[in-house]
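Notes for the one structure printed next.
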Amino acid sequence: IPQAYITLVGMTGNRDDVVIASDRGQNAGANGNFNTIGVGDGFHAKDLTIGNYCNVDLVYERDTTKNHTKRQEAVTQAQAVTKVPGITDMDEWFFENCNIISRLNLFSRDDRPKRSLIKDCHLECTDDSLGTGYITIFENCTFSLFSNTPCGGASFYMQAFLGCEFTTQLSDNKTITLCKNTKPFAFIDCDFKGDMTGMEWKQSNFSDDIRQIVSNNTLNGQPLTISPDYPDLSVTPDEEQMKAFKYNGEYNIYNLLNGAGYDEWDPLNQKDYMPTGTWNIQFDYPGIAKDVVPVLQGNVSDSLQVTPVVLGGNDKTVTWSTEDDTLVIEPQDDGIVIVKGDNSTLDNKKGCLVATAANGMKKVLHFTVTPKIFEAPVLSEKPVLSAPENGMINVTYAFTDNSEAADESIINWYRATDKEGTDKVLVAQTTYVDSDAKPYSSYVLRLDDVNHYIICEVIPKRSNSVEGSSVFTAASL
């Protein structure tokens, strides 16, 4: 259905009565992934079922002669909903009182719409199935989950589950790992039932920068804590902040759908009475992958420009702060901040940048700040080579400073036919002694070294300095 703003409505009002169905999947009636329906911009479906019955039995109660047995037991990629090929500008998908049923990849993972509202629906799936585009809101939906990573990639700005009920039927692993990467979630008033024993925000490599919204969630009647080993990642909004998600007992869908600068969308006609408020803050710092911790040199010269992207609310201002003196911040008039590192210690330090929105919502960004880099150390005298002993010669040298920084000097060994080393050939390079991480200062002699000069090159360096100039010394054999 390539046309924009098409609405499909089941005429009886019962979503079980009208079924749009397929029964194909990858290598199961199709060469590659298969989708039941492809839709365009502004698609709206109400009071019907969209299902891929490749791995699910279709039971049609109005007319049992139309029951359909699944194609195969083995779960394959068999999706229910995707976009129409060739359409790039996708937005405003709205599913209302629908069943959306499959197993693997319920919604297509490619070229998803910017915003989706899924309200009063029932969804069945395994992995990589929930969440599309930039903002996905599930309101008062029920879910049957048959595997451990239902959200896969998830939505970029926010994936919110509001007043939803989940029933799990898992395999041996009873822990839900929502997502494969670092994405923002909100779980408010959600109830989990079934054999699930716990939930984690993602599979592994937790980012300290995640701040997820949680409030009033239960697992089999008991309070649910998501990722209990990482309590700082979950935030429960205060009364003022909660207005961005829920107000006077009603979920604030208008505010959540209109916080990212897209055209206004008000599918539930809430605009006139719902307050606005920040529901997330993203950081933009070009040139660095978002899952990579930014690194600053601790000389208060290296810098990174961070731009806040305030999602939701009319007041887009933020207040910048830090949690310690490791970061030096310089807020600018246009709302961005210049961040620099200050670290005179010998070890990497961790610094935390904090952005606080007008309603008190916070976003953090952690930095690794490397030690301040000093000038190269100076050798107190020319390196000295020992006489051969036990088949080895050794080099000794000393610095003029008394720094506690580790010696990371580079030691190279050459063989030459003259003392000046005009034809020197590199025969050994720096290695380090594991026990104390010092440069290995010995050279093991070889038969080829007889009647040659052994030349040692020392490039002085400490762990917190730049490299110095090469100093050569020679010995004859």
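What's the total number of residues in the stretch 119-136 that are surrounded by fewer than 24 Cβ atoms within 10 Å (Cβ to Cβ) and assigned to a strand (DSSP E or B)?
Result for the stretch 119-136: 3.
Name every residue in the stretch 99-111 that is surrounded by fewer than 23 Cβ atoms within 10 Å (Cβ to Cβ) and free of Cβ contacts under 8 Å to residues at least 40 places away in the same chain, in order of residue number.
ASP110, ASP111
For the condition in contact (Cβ under 8 Å) with a residue 40 or more places away in the chain, open to solvent by 40 Å² or more (accessible area, probe 1.4 Å), of a type in the set (D, E, K, R) and under 30 Å from VAL318 (Cβ atoms), what is the one hit in LYS372, LYS363?
Criteria check complete, one pass: LYS372.
Among all residue pairs at least 6 apart or on different chains, which show Cβ distances below 6 Å where the first residue, located in the stretch 31-45, is in contact (Cβ under 8 Å) with a residue 40 or more places away in the chain and among the hydrophobic types (A, V, I, L, M, F, W, C) and the second is open to solvent by less than 20 Å² (accessible area, probe 1.4 Å) and outside any strand (DSSP E or B)?
ALA45/CYS98
Test SER386 against the criterion of being open to solvent by 60 Å² or more (accessible area, probe 1.4 Å) and farther than 30 Å from VAL309 by Cβ, and give yes or no.
Criteria not met by SER386.
Is it true that VAL466 is closer than 28 Å to THR370 by Cα, exposed (fewer than 14 other Cβ atoms within 10 Å of the Cβ) and among the aliphatic types (A, V, I, L, M)? Write out each step before concluding.
On the way: closer than 28 Å to THR370 by Cα: yes; exposed (fewer than 14 other Cβ atoms within 10 Å of the Cβ): yes; among the aliphatic types (A, V, I, L, M): yes.
When the stated conditions are applied, VAL466 passes them.
Going residue by residue through the stretch 62-75, is there one that turns out to be open to solvent by 20 Å² or more (accessible area, probe 1.4 Å), assigned to a loop (DSSP other than H, G, I, E, B), among the acidic types (Asp, Glu) and closer than 16 Å to ASP16 by Cβ?
Yes, the stretch 62-75 contains at least one residue that is open to solvent by 20 Å² or more (accessible area, probe 1.4 Å), assigned to a loop (DSSP other than H, G, I, E, B), among the acidic types (Asp, Glu) and closer than 16 Å to ASP16 by Cβ.
Applying the selection to the stretch 25-50, what residues are closer than 14 Å to ILE101 by Cα and surrounded by fewer than 19 Cβ atoms within 10 Å (Cβ to Cβ)?
Matches in the stretch 25-50: none.
Looking at the stretch 443-460, which of its residues are surrounded by 17 or more Cβ atoms within 10 Å (Cβ to Cβ) and not hydrophobic (A, V, I, L, M, F, W, C)?
Scanning the stretch 443-460 gives TYR443, ASP449, HIS452, TYR453, GLU457, PRO460.
Note down all Cβ pairs under 9 Å where the first residue falls in the stretch 378-391 and is without any contact (Cβ under 8 Å) to a residue 24 or more places away in the chain and at negative phi, the second is open to solvent by 80 Å² or more (accessible area, probe 1.4 Å) and not in a strand (DSSP E or B), and they're at least six residues apart or on different chains.
That search, which allows pairs on different chains as well, returns SER380/THR400.
Give the stretch 195-211 a look and list any residue that's outside any loop (DSSP other than H, G, I, E, B) and buried (at least 16 other Cβ atoms within 10 Å of the Cβ), or say none.
If the condition is that a residue be outside any loop (DSSP other than H, G, I, E, B) and buried (at least 16 other Cβ atoms within 10 Å of the Cβ), then MET199, GLU200, TRP201, LYS202 are the ones that fit.
From the list GLY42, GLY51, which one is assigned to a loop (DSSP other than H, G, I, E, B) and modelled with pLDDT of 95 or more?
On the way: GLY51 fails: assigned to a loop (DSSP other than H, G, I, E, B).
The unique qualifying residue is GLY42.
Consider VAL18 carefully, then state whether it is among the hydrophobic types (A, V, I, L, M, F, W, C), closer than 20 Å to LYS119 by Cα and open to solvent by 20 Å² or more (accessible area, probe 1.4 Å).
yes
On the basis of being open to solvent by 20 Å² or more (accessible area, probe 1.4 Å), within 29 Å of ALA357 (Cβ to Cβ) and either aromatic (Phe, Trp, Tyr) or under 15 Å from the mean Cα position of the chain (by Cα) (or both), does ASN216 make the cut? First the steps, then the outcome.
Details: open to solvent by 20 Å² or more (accessible area, probe 1.4 Å): yes; within 29 Å of ALA357 (Cβ to Cβ): yes; either aromatic (Phe, Trp, Tyr) or under 15 Å from the mean Cα position of the chain (by Cα) (or both): no.
Criteria not met by ASN216.
With the requirement that a residue be in contact with a Gly (Cβ under 9 Å, 6 or more places away or on another chain) and in a strand (DSSP E or B), what does the stretch 8-37 give you?
The answer is VAL19, ILE20, ALA21, SER22, GLN26, PHE34, THR36.
The values are calculated or read from the model by the stated rules, or taken from the named source; none is laboratory data. Note that the coordinates shown come from a computational prediction; the quantities given were computed from them, not determined experimentally. Every residue, glycine among them, receives a Cβ derived from its backbone with ideal geometry; neighbour counts consider all protein chains shown. Protein only, heavy atoms only, side chains kept; ligands, DNA and RNA dropped before computing areas. Shrake-Rupley method; radii C 1.70, N 1.55, O 1.52, S 1.80 Å.
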